[in-house]
Protein chains: 2
Amino acid sequence: MAVWMKSFKVGFRGLVQPLAVGLARAGIQANWLTYTGFVLNVGVALLVAEGWLTIGGALFLLVNALDFLDGAVARASGTAGGHGAFLDSVLDRYSEAVVFVGLLVWFARADDLAAMAATALALVGSFMVSYCRARAEGLGLDCEVGLLQRPERIIVLGIGMILHEYALLYVVVGLALLTNVTAAQRMRHVGRLFEERRRRG
Amino acid sequence: MAVWMKSFKVGFRGLVQPLAVGLARAGIQANWLTYTGFVLNVGVALLVAEGWLTIGGALFLLVNALDFLDGAVARASGTAGGHGAFLDSVLDRYSEAVVFVGLLVWFARADDLAAMAATALALVGSFMVSYCRARAEGLGLDCEVGLLQRPERIIVLGIGMILHEYALLYVVVGLALLTNVTAAQRMRHVGRLFEERRRRG
């Protein structure tokens, strides 16, 4: 993860911490927030599919910033664990995917075949970044490396949607390229870890 | 996995076994076959995007039937291991995804927005089925359950492409629905396993 992103994350976590503690005290369960985040992303996808890109992009950034909350509430209420982490991961993938599908529909309506193909490849690449990590972890390896992890993807895509007339096509083409480069970085990383493992016998 | 699929798989494995042993003796590496399979699926995707659906569908079935070979060669040559399994999984996802992207482009060219949206949701659902399993395995749980695993998806989609005029739209809508149902089944399965784990303390 980029360094600026890491300090941003730490700062943001400090900001949401009091809110998370409050929600945990009020009896709000972390899983509810996870499901709510997904439903809100479906809403964003519908807005985007209808061409409401500026408001869709702004909501997309807001909704996914709140995505920090579920983990923070789980920790604050002492309910953090494997199941919550699983649900959060799976619904994060779904959330990102539905927004890309919304964009796909919008580009198809606008008859922009190139932008549509780029969006599809960006969807595939984003998935593959996460899949590589999950599959590597299943084999007992760490894989949190690479250029464009989820927070970076969210911020870039959200800004692209807000500035859609000027930036969205470039952002989507950039994501199509860089998410797949990130997946390739992870594949190479895993290859190296296996090579090391083999050498050490 | 469906029972018919399991016996089909066992029979098919028996058929390719001699071929796999021959390839392993000839010094063919399993990873080369994995990469070749991906490249051939990219070729299928290009055919499909150009509207060559019948030939694309037939090649799709053939290419992905040969996908059995890499694992068989790895076992026959004694090189089976984590890295090969990782590569195979990741490139299987990419292979399936590029073919869906090819279909997306074709439906977009045909101005069929409904079929396009269904294809996008089928792509997402297929990914999620695999992602759920990988993520569950990362948390130490088995997750090979559910209606539509990869061999079933391949066969249904391949036949749909071959009979495209009559069947493809229904197949894609069916996949959009059933892949996501399968992902939901896996999420529920994982939820139950965590519940059990919690009860046993």
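The values are calculated or read from the model by the stated rules, or taken from the named source; none is laboratory data. Just so it is clear, the model here is predicted, and its values are computed rather than measured. Cβ coordinates were reconstructed from backbone atoms using ideal geometry, including for glycine residues, and neighbour counts include every protein chain displayed.
Give the residue that is surrounded by the most Cβ atoms within 10 Å (Cβ to Cβ), with candidates limited to residues of the stretch A:173-201 that are among the β-branched types (Val, Ile, Thr) and within 14 Å of chain B (Cβ to nearest Cβ). Only one residue fits best here, namely A:Thr179.
Per-residue answers, yes or no, for (1) in contact with a Lys or Arg (Cβ under 9 Å, 6 or more places away or on another chain); (2) within 10 Å of chain A (Cβ to nearest Cβ); (3) surrounded by fewer than 23 Cβ atoms within 10 Å (Cβ to Cβ); (4) not in a helix (DSSP H, G or I):
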{"position": "B:Asp111", "(1), (2), (3), (4)": "no, yes, yes, yes"}
{"position": "B:Leu123", "(1), (2), (3), (4)": "no, yes, no, no"}
{"position": "B:Phe127", "(1), (2), (3), (4)": "yes, yes, no, no"}
{"position": "B:Cys132", "(1), (2), (3), (4)": "yes, yes, no, no"}
{"position": "B:Leu147", "(1), (2), (3), (4)": "no, no, yes, yes"}
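When the stretch B:100-151 is filtered for residues that are charged (D, E, K, R) and under 15 Å from the mean Cα position of the chain (by Cα), the ones remaining, listed by number, are B:Arg133, B:Glu144, B:Arg150. May I ask you to verify whether A:Leu40 is out of contact with any Asp or Glu (no Cβ under 7 Å at 6 or more places or on another chain) and more than 16 Å from A:Arg150 (Cα to Cα)? Criteria met by A:Leu40. Of all residue pairs spaced 6 or more apart or on separate chains, those with beta-carbon atoms under 6 Å, a first member in the stretch A:152-165 that is closer than 17 Å to A:Leu66 by Cβ and a second member that is among the hydroxyl-bearing types (Ser, Thr, Tyr) and assigned to a helix (DSSP H, G or I) are A:Arg153/A:Ser126. Of the residues making up the stretch A:163-172, just one is buried (at least 17 other Cβ atoms within 10 Å of the Cβ) and within 22 Å of A:Trp4 (Cβ to Cβ), namely A:Val171. May I ask you to verify whether B:Gly102 is more than 10 Å from chain A (Cβ to nearest Cβ), buried (at least 17 other Cβ atoms within 10 Å of the Cβ) and outside any loop (DSSP other than H, G, I, E, B)? For B:Gly102, the condition - more than 10 Å from chain A (Cβ to nearest Cβ), buried (at least 17 other Cβ atoms within 10 Å of the Cβ) and outside any loop (DSSP other than H, G, I, E, B) - is not met. The listed residues are A:Ala115, A:Ala97, and the only one of them that is more than 10 Å from every other protein chain (Cβ to nearest Cβ) and without any contact (Cβ under 8 Å) to a residue 60 or more places away in the chain turns out to be A:Ala115. Collect the residues in the stretch A:172-195 that are of a type in the set (Val, Ile, Thr) and either within 19 Å of A:Pro151 (Cβ to Cβ) or modelled with pLDDT under 95 (or both), keeping them in residue-number order. Of everything in the stretch A:172-195, those that are of a type in the set (Val, Ile, Thr) and either within 19 Å of A:Pro151 (Cβ to Cβ) or modelled with pLDDT under 95 (or both) turn out to be A:Val172, A:Thr179, A:Val181, A:Thr182. Just wondering, is there one or more residues in the stretch B:25-40 that are within 18 Å of B:Ala167 (Cα to Cα) and surrounded by fewer than 17 Cβ atoms within 10 Å (Cβ to Cβ)? Looking for residues that are within 18 Å of B:Ala167 (Cα to Cα) and surrounded by fewer than 17 Cβ atoms within 10 Å (Cβ to Cβ), one finds none in the stretch B:25-40, hence no. Can you confirm whether B:Gly158 is farther than 20 Å from B:Phe86 by Cα, within 15 Å of the chain's Cα centre (by Cα) and in a helix (DSSP H, G or I)? Considered against the rule, which asks whether it is farther than 20 Å from B:Phe86 by Cα, within 15 Å of the chain's Cα centre (by Cα) and in a helix (DSSP H, G or I), B:Gly158 comes out as yes.
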